[in-house]
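What follows is a single structure, written as structure tokens, with notes after it.
The values are calculated or read from the model by the stated rules, or taken from the named source; none is laboratory data. A quick note: this is a predicted structure, and the numbers were derived from the prediction, not measured. Virtual Cβ from ideal backbone geometry, glycine too; neighbours counted across all protein chains shown.
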Amino acid sequence: MIGITKNFPGVVANQNVDFDLYPSEIHSILGENGAGKTTLMKILAGMHQPDAGKIIVRDRKVKIRSPQDSLRLGIGMVYQHFALIPNLTVIENLILGFEDGLFLNLKKAEQRLQKISAAYGLFVDPEKKIQDLSISERQRTEILKILFHESDVLILDEPTSMLSPVETEDLFDTLKSLRKAGKSVVLITHNLGEALSVSDRITIMRSGKNAAELSGDILMNMDAKTASNRILNVMFGDIPEPRARVAGKVFTDEPVLELKRVEALNNQGVLGLKRISFSIAKGEIVGVTGADSEGRRLLAEVIGGQKRTTAGKLVYRGRNITLTNIAQRFELGIRYVTDERMREGCVLDMALSENAILQSYYRRPFSRFGILNQVSVQSFTDDLISRFGIRATGPNARVSTLSGGNIQKFILARSLSDEPDLIVCSNPTYGLDATTVRLIQQLLKEESRQGAAVLLITTDMDELFSCSNRIGVLFDGAISGFMDRNDATAEKVGKLMLGIHE
């Protein structure tokens, strides 16, 4: 890719960017949110058209006008928010858009899938519907779809953001096997440790431009800490070290939320939560992790009101809220920050100002006698953009014009804007750059200091240890264990994630 430039209304996403990729290479792209990483790769994948620049594939200048063009050139992209059809099976998703004739030869397609799965260790039940798969299985399906169409280049956008450490390790083993087989991988990531552990080269972007490149020779001659510091300095300048530990107890003994032997069914109709019991006190941050992405999500949705319990009860400030709906819980001061920011957190085709008041449009000062006060709405949104450093052209910008990280900041800003009593966050910093991660973690800590109870559901071990007062671990739908942060170690948490009790 040579001299790639791409403009959106009011935003220069890429400005004269160069990028190249060699056979049998894992090439990572790092950069803060809004740096232009995903836009650049969406151009290569045919989702966007460049305003200037050229693309050369195998010594031939090409025009990539659509994802189909990209796939025909042997280039496929796994998006941060998966592009699969939920109510179709795995095999149906794989052949979608590439049907041969009037009739589908599913048997032949399944045989081909079995060969690819065996070659790369990517096993998914071909008859299962996408909506019934875990996050890691959906990701495997996306990778299989690219391999199914004989692509030599795989672009992965923040592939580990929703995976547990074990699932991440499995993914990296897959990437290494792909490289060994002659495939090339572009890894868009915010995780410096992961990039350093698996990359042959690293390109750093800043404000839509090339900022630096670390070649394999440079990386080999640096230790991990030196390389991390160099990358961070290129991306942001000097960054202060975060606190390694949480200070002593700063919360009260007053419970805000209590879960009492709570049970709930997952999407397959099977018991996904089993007799979950714990409480969160005023001013406390309780961190919860676990290897099962479906269990983590189900816990958040049960508290947020998206999923019903089949047994047990939820008590909020002494009141049984088990049967209350989402709107009622919102009125009580419960805020749920979903990890599905594109599908659940906002409406992409609506303006920021409209999204800002989705759940509170009927309240003063936004509305009176059923009439919206546009001045108040615009002022409120302007304040969110300013206070939380959201990169947007203004309140009237469509959410779809923002980068994923800025959408996440916006959703969190909206949730924290009116002093909530209980904040339930599911992977609130996934896919975000180091500076934004620190900002959001500090915001959650500040909310807890102001008296809010925070449930932080996360797969990020650094986040879990740096933010939590107590740490709980889910295993097989149940609480495997709880411990005080200062008694917790990565080894203890890891064993509980595997169901090992000492």
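Does residue 443 satisfy being within 17 Å of residue 413 (Cα to Cα) and under 22 Å from the mean Cα position of the chain (by Cα)? The answer is yes for residue 443. When residue 481 is tested against (1) more than 18 Å from the chain's Cα centre (by Cα); (2) farther than 12 Å from residue 289 by Cβ, exactly one condition is not met: (2).
If you go through the range 52-71 one residue at a time, how many are surrounded by 15 or more Cβ atoms within 10 Å (Cβ to Cβ) and in a loop (DSSP other than H, G, I, E, B)? Qualifying residue count, the range 52-71: 1.
For the range 172-191, the set of residues classified as buried (at least 20 other Cβ atoms within 10 Å of the Cβ) and either at pLDDT below 90 or outside the structural domain of residue 81 (by TED's automatic domain parsing) (or both) consists of 189, 190, 191, listed by residue number. Could you tell me which residue of the range 107-157 is surrounded by the fewest Cβ atoms within 10 Å (Cβ to Cβ), considering only residues that are in a helix (DSSP H, G or I) and small (Gly, Ala, Ser)? Out of the qualifying residues, it is 118.
Here the condition is being closer than 16 Å to residue 457 by Cα and surrounded by 17 or more Cβ atoms within 10 Å (Cβ to Cβ); of 263, 284, it holds for 284 alone. Yes or no: residue 18 farther than 22 Å from residue 401 by Cβ, in contact (Cβ under 8 Å) with a residue 12 or more places away in the chain and in the same structural domain as residue 153 (by TED's automatic domain parsing)? When the stated conditions are applied, residue 18 passes them. Scanning the range 326-346 for any residue that is surrounded by fewer than 21 Cβ atoms within 10 Å (Cβ to Cβ) and polar (S, T, N, Q) turns up at least one such residue. Looking at (1) modelled with pLDDT under 90; (2) of a type outside the set (Gly, Ala, Ser); (3) closer than 30 Å to residue 191 by Cα, which is the one condition that is false for residue 298? Of (1) modelled with pLDDT under 90; (2) of a type outside the set (Gly, Ala, Ser); (3) closer than 30 Å to residue 191 by Cα, only one is false for residue 298: (1). In a residue-by-residue description of the range 211-228, the property of being at pLDDT below 90, of a type in the set (Val, Ile, Thr), farther than 23 Å from residue 469 by Cα and assigned by TED's automatic domain parsing to the domain that holds residue 153 applies to at least one position.
Quick one: in the range 253-288, which of the residues that are among the polar types (S, T, N, Q) and under 24 Å from the mean Cα position of the chain (by Cα) is modelled with the lowest pLDDT? Top of the filtered list is 268. Condition first: among the hydrophobic types (A, V, I, L, M, F, W, C) and either under 29 Å from residue 257 (Cβ atoms) or under 14 Å from the mean Cα position of the chain (by Cα) (or both). Now tell me which residues in the range 400-422 satisfy that. Of everything in the range 400-422, those that are among the hydrophobic types (A, V, I, L, M, F, W, C) and either under 29 Å from residue 257 (Cβ atoms) or under 14 Å from the mean Cα position of the chain (by Cα) (or both) turn out to be 407, 410, 411, 412, 413, 416, 422.
Going through the range 448-502 one residue at a time, which ones are charged (D, E, K, R) and surrounded by 16 or more Cβ atoms within 10 Å (Cβ to Cβ)?
Filtering the range 448-502 for residues charged (D, E, K, R) gives 449, 460, 462-463, 470, 476, 484-485, 487, 491-492, 495, 502.
If the condition is that a residue be charged (D, E, K, R) and surrounded by 16 or more Cβ atoms within 10 Å (Cβ to Cβ), then 460, 462, 463, 470, 485, 492, 495 are the ones that fit.
Filter the range 304-329 down to the residues that are under 24 Å from residue 267 (Cα atoms) and in contact with a helix residue (DSSP H, G or I) (Cβ under 9 Å, 6 or more places away or on another chain) and list them by number. Correct list: 304, 305, 306, 307, 308, 309, 314, 321, 324, 326, 329.
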